[in-house]
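Bear in mind that the values in this text are calculations on the coordinates, not laboratory data. The structure displayed is predicted, hence computed values, not measured ones. Here the Cβ is made from the backbone with ideal geometry for all residues, glycine too, and neighbour counts use every protein chain on show.
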Amino acid sequence: MPDTPTSPLRSALFAQIAGALMAFSLVWLGRTFFQLPLFQTAVLQGLCAALVSWRMGAPRWWWLINLAFLPLVVLALAADIAPGWYLLAFILTLLLFWRTDKSRVPLYLSNAATAAAVVRLLPQQACSVIDLGCGDGRLLGQLAAARPDCRFTGIEHAPLPCLLAKWLNRQHPNVVIRHGDFWQQPLGEFDAVYAFLSPAPMAALEGKLETEMQSGKLLISNSFPVPAREADQLIEVNDRRRTRLFCYKIGLKTAAKPRN
């Protein structure tokens with residue numbers, strides 16, 4: 001995978017340390033006027049860490065993670081939970097999300113309304129489609145049922161979602177699920193790429209597509225546009241989360257219009 005500017009884990013560690021220094025400084029300065037119990041002190045540290053995370057420009061979900069981390073640790077210690085449960089929770093989390101800190105792509109799942117919209121965007125003739133980071137593979141199953149003439153490939157690096165995707169698509173002969181890193185997947189054989197990633201990898205993804213795919217092929221990006229490029233087509237999906245599909249023709253770049 002291409003290099004990313006800053007590791008989210010390093011940023012989170014910095015936010016936690018800075019939040020702790022801020023919180024304990026406030027507690028020390030105010031010791032004459034008030035005494036905070038341990039849990040309230042942890043909540044104050046979480047608020048400070050979330051503030052630091054916000055000021056660093058971290059995504060919103062990292063604000064919540066930094067806010068909740070130390071209070072949850074205090075609650076877990078007070079609950080006297082057996083250490084084995086922590087190990088089990090860690091293993092399950094790792095198998096479910098794998099190295100999200102490295103990929104900077106959370107586990108997003110596409111709904112049925114989005115699948116129906118994607119079907120309408122595919123070429124009318126038989127084609128080959130890949131879903132980069134396919135999650136549980138439900139989208140691919142819906143596409144395969146709607147277009148049995150097409151060939152669909154999903155690639156997922158997290159072990160549990162990948163196994164689930166293979167199981168859910170076991171009755172679709174035109175679906176192949178691969179376990180691995182999509183940055184290592186050659187894309188020249190595909191006519192269309194579907195991606196539901198995050199803002200972080202979009203510029204690098206465009207570079208990969210422009211290098212490997214034939215001119216005129218299609219990129220469909222759920223929710224996250226390619227930076228500094230105007231979409232060739234924007235689809236508004238009628239669902240609860242108001243999904244937007246940004247569609248790009250490979251090799252036919254259009255610069256984004258400047259905002260007033």
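Annotation: aspartates and glutamates with alpha-carbon distance below 15 angstrom to residue 217 (same-chain offsets under eight excluded): 131, 189, 191, 206, 232. Note that the range 220-228 has calculated 3J(HN,Hα) couplings of 10, 10, 7, 6, 10, x, 6, x, 6 Hz, one per residue in order, obtained from phi through the Karplus relation 6.51 cos²θ - 1.76 cosθ + 1.60 (θ = phi - 60°); glycine and proline are x. Taking a Cβ cut-off of under 11 Å around residue 162, the surrounding Lys, Arg, Asp and Glu residues balance to a net charge of 0, with basic ones at +1 and acidic ones at -1. Sorted ascending by nearby beta carbons within 10 Å, beginning with the fewest, 131, 136, 149, 232 become 149, 232, 136, 131.
With a/c under 1.5 counting as rounded, go ahead and sort the range 8-80 into rounded, prolate or oblate using the C-alpha gyration tensor (a ≥ b ≥ c being the square roots of the eigenvalues; past the cut-off, prolate if a/b is larger than b/c, else oblate).
oblate
Here's how it looks for residue 131: its modeled amide H is under 5 Å from those of 153, 154, 155, 194, which are all 5 or more places away or on a different chain.
Modelled spin labels at residue 76 and residue 247, positioned 7 Å past Cα toward Cβ, are 4.5 nm from each other.
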